[in-house]
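Below you'll find the structure, written out as structure tokens, and then a few comments.
The values are calculated or read from the model by the stated rules, or taken from the named source; none is laboratory data. Keep in mind that what you see is a predicted model, and the values were worked out from it rather than measured. FYI the Cβ positions are ideal-geometry reconstructions off the backbone, even for glycines, and counts take in every protein chain you see.
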Amino acid sequence: MDGDKIERKTGTTTVGLICKDGIVLAADRRATAGTFIATKKTEKIHKITNDIAVTMAGTASDAQLLIKYVQSELSLKEIRTNIKTTAKEAANLFARFVYSNIRKISMIPGISHFILGGYDKSGFSLYDIYADGSITQCDDFVSSGSGSVMVYGVLDTLYKKDMSVDEGIKLAVKCVNAALQRDSASGDGIDVFTITKDGAKKVFEQEIETRVKL
């Protein structure tokens, strides 16, 4: 819940793509409370380490808190061991937190769905961490949130195994834009992150203006 005691959900369209030279993650910016648009500037992609990032969907407060937990735990782990975290380790930690969170008795359902992409000694990897705490390692693409129905139609048609990160960025923007046209819980902007051998970073952001100007 936020300061106004309104349960916020990220509504959401998120997408993850595996490219030949990296991972692309993209998401919209709208958060809703029922049919009310609670905020138009929600950040739905977060860096976990220098080489790992996640998208979030579901109840905003739960997703944000779980991200902070994982960031803290992995930071402490790297300090203690002096060993870089792998994407698989991060995905498993997320899954354990999600599994515990969804099974807590609460007045507000603790629903959270993450897509995690990372680069480590094993190469590039992409994980779907579902709201029940299960993990699926993806070998091509994945989408989450209310706009994912529209996204999968675009991905099934246009995704190619050997596409470059630059091509993946353009495809990810097309995917989120398709959802923005039809899904009322998604909107207001697009953010895109890439994960390459140089690390995880934001490479594209665009706010979508919805005001009428006279």
Requested in this report: For the stretch 71-108, name all the residues that are under 18 Å from residue 125 (Cα atoms) and either outside any loop (DSSP other than H, G, I, E, B) or touching a residue at least 40 places away in the same chain (Cβ under 8 Å) (or both).
Outcome: 74, 87, 88, 89, 90, 91, 92, 93, 94, 95
Report summary line: Selection from the stretch 165-214 of residues in contact with an Asp or Glu (Cβ under 6 Å, 6 or more places away or on another chain) and charged (D, E, K, R) yields 191, 205
**Report entry** Selected residue (criterion: surrounded by the most Cβ atoms within 10 Å (Cβ to Cβ)) from residues of the stretch 25-60 that are outside any strand (DSSP E or B) and among the hydroxyl-bearing types (Ser, Thr, Tyr)
**Finding:** 42
Query raised in the report: Of these, 93, 171, 74, which one is closer than 20 Å to residue 13 by Cα and either touching a Cys at 6+ places or on another chain (Cβ under 9 Å) or buried (at least 18 other Cβ atoms within 10 Å of the Cβ) (or both)?
Result: 171
Query - Set 112, 144, 148: member being touching a Gly at 6+ places or on another chain (Cβ under 6 Å), of a type in the set (Ser, Thr, Tyr) and surrounded by 14 or more Cβ atoms within 10 Å (Cβ to Cβ) - result: 112
Report task. Would you be able to say whether some residue in the stretch 152-165 is surrounded by 14 or more Cβ atoms within 10 Å (Cβ to Cβ) and charged (D, E, K, R)? Result -> no
Requested in this report: Look at residue 118 and say whether it is in contact with a helix residue (DSSP H, G or I) (Cβ under 6 Å, 6 or more places away or on another chain), among the small types (Gly, Ala, Ser) and modelled with pLDDT of 95 or more.
Outcome: yes
Report task. May I ask you to say which residue of 158, 171 is within 15 Å of residue 18 (Cβ to Cβ) and without any contact (Cβ under 8 Å) to a residue 60 or more places away in the chain? Result -> 158
Query - Among the residues listed as 148, 125, 106, 144, the single one being more than 17 Å from residue 24 (Cα to Cα) and polar (S, T, N, Q) - result: 106
Query - Matching residues in the stretch 109-149 - criterion: being out of contact with any strand residue (DSSP E or B) (no Cβ under 9 Å at 6 or more places or on another chain) and either part of a strand (DSSP E or B) or in contact (Cβ under 8 Å) with a residue 40 or more places away in the chain (or both) - result: 123
